[in-house]
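Notes follow once the structure below has been shown.
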């Protein structure tokens, strides 16, 4: 039996991890989140409330649980909110990582940390694991600082970088680009979509599988864990429209500059997945397959 603690278990990735891991007979699962447990199924695992920004709370929970592995998914990921509130971003994405790392070191845990394509400037994407960090936003900079805390620790660690995660979960508190595009186009609403940014959209199930592979293989080092397709944001939205037979003429191409977003976005990211395929056996869905899986789940939720 291996004891695995997941932070951010109410989030998109966190929920996928809980449902995948709780089904495994070789895993003792501990789920943690800041608020109450929002999952519909609360059996087969232990739940603790954990505020990762509170050092005493982190120490108390990690010292009590003494996990073999920690999968640290909790973070502040709203890029513009981070740009507007640096202190909140630092608390969630830098200070909290230090607290988690300190507690993990004391308990000799294997530490799997989730990072982002936004650590890059987007001038040379798609990136492999050797890409040079040069973040454009406060969020990207904070996530890079978090990576460095993990890399400079005494832990056995793996950093999994990902891109534009989408999927559906219980009691969703936030939408994602697929659901947003589908919802607007179904209502016949015109939408403005950037045509000068490129990403590798990542199905939440695939990212969860990458985390579990990293745990099972006691992986160390940096791994790119994303979808296999690199698409412009507008082609991504057009793919959603095509899948559902919606009106693509409602999709208006715009430049990133016209959106006046507080945070700069890297123009071209996306990841080269050769290392994760080779060393972890990672094999993600295509974007169209991901939409189909989401649609199946949406249909099941309506039953």
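A Förster distance of 51 Å, applied to the separation of the beta-carbon atoms of residue 217 and residue 259, puts the FRET efficiency at 0.80.
With a Förster radius of 30 Å applied to the beta-carbon distance between residue 154 and residue 2, the computed FRET efficiency rounds to 0.90.
What the Cα convex hull of region 242-303 gives, in volume per residue, is 186 Å³. Using a cutoff of 8 angstrom between alpha carbon atoms and counting only pairs six or more residues apart, the relative contact order for the chain works out to 19 percent. Between residue 170 and residue 108, full extension at 0.36 nm per residue minus the direct alpha carbon distance yields a gain of 19.1 nm.
Region 230-264 and region 69-92 have Cα centres lying 25 Å from one another. Between residue 252 and residue 91, the simple label model (points 7 Å from Cα in the Cβ direction) yields a spacing of 3.8 nm.
For the chain, the C-alpha radius of gyration divided by 2.2 N^0.38 Å, with N the number of residues, is 0.97. Averaging 1/r across all pairs of distinct Cα atoms in region 190-270 and inverting the result yields a Kirkwood radius of 14.7 Å. Kirkwood's formula applied to the C-alpha pairs of region 88-149 gives a hydrodynamic radius of 12.5 angstrom. Considering only DSSP beta bridges whose two residues both sit in the chain, what percent are antiparallel, to the nearest 5? Counting only bridges with both partners in the chain, antiparallel ones make up about 5 percent. Remark: the residue 55-residue 186 segment gains 42.6 nm on full extension, using 0.36 nm per residue and subtracting the alpha carbon distance. In the calculated pair-distance distribution of region 1-114, the portion above 20 angstrom amounts to 37 percent of the Cα-Cα pairs. For a modelled paramagnetic label at residue 196, 7 Å from Cα along Cα-to-Cβ, the residues of region 251-284 in reach, with backbone nitrogen under 20 Å, are 251-270.
Once the Cα atoms are used to define both axes, helix 138-151 deviates from the longest principal axis of the chain by about 30 degrees. Here residue 302 and residue 84 are evaluated by their C-beta separation; at R0 = 45 Å the FRET efficiency comes out at 0.80. Computed extension gain for residue 130 through residue 277, at 0.36 nm per residue and net of the alpha carbon distance, reaches 51.3 nm.
Per residue, the chain reaches -11500 deg cm²/dmol at 222 nm when only DSSP H runs of four or more residues are counted, each adding -39500 (n - 2.57).
For region 121-220, taking the reciprocal of the average inverse distance between every pair of different Cα atoms yields a Kirkwood hydrodynamic radius of 16.5 Å. Each of the peptides 216-227, 273-284 was scored by the mean count of other Cβ atoms within 10 Å over its residues; in descending order, highest first, they stand as 216-227, 273-284.
When you count the other C-beta atoms within 10 angstrom of each residue and take the mean per peptide, 178-189, 61-72, 108-119 line up highest first as 108-119, 61-72, 178-189. Peptide packing for 229-239, 157-167, 40-50 was compared via the average number of neighbouring C-beta atoms within 10 Å per residue; ordered from the highest value, the list is 157-167, 229-239, 40-50. Taking 7 Å steps out from each Cα toward its Cβ at residue 46 and residue 20 produces label points 2.3 nm apart.
Each reported figure results from applying straightforward, stated rules to the coordinates on display, with no laboratory input. Because the structure is predicted, anything quoted here is derived from the model rather than measured. Methodologically, a virtual Cβ is constructed for each residue, glycine included, from the backbone with ideal geometry; neighbour enumeration extends over all protein chains shown.
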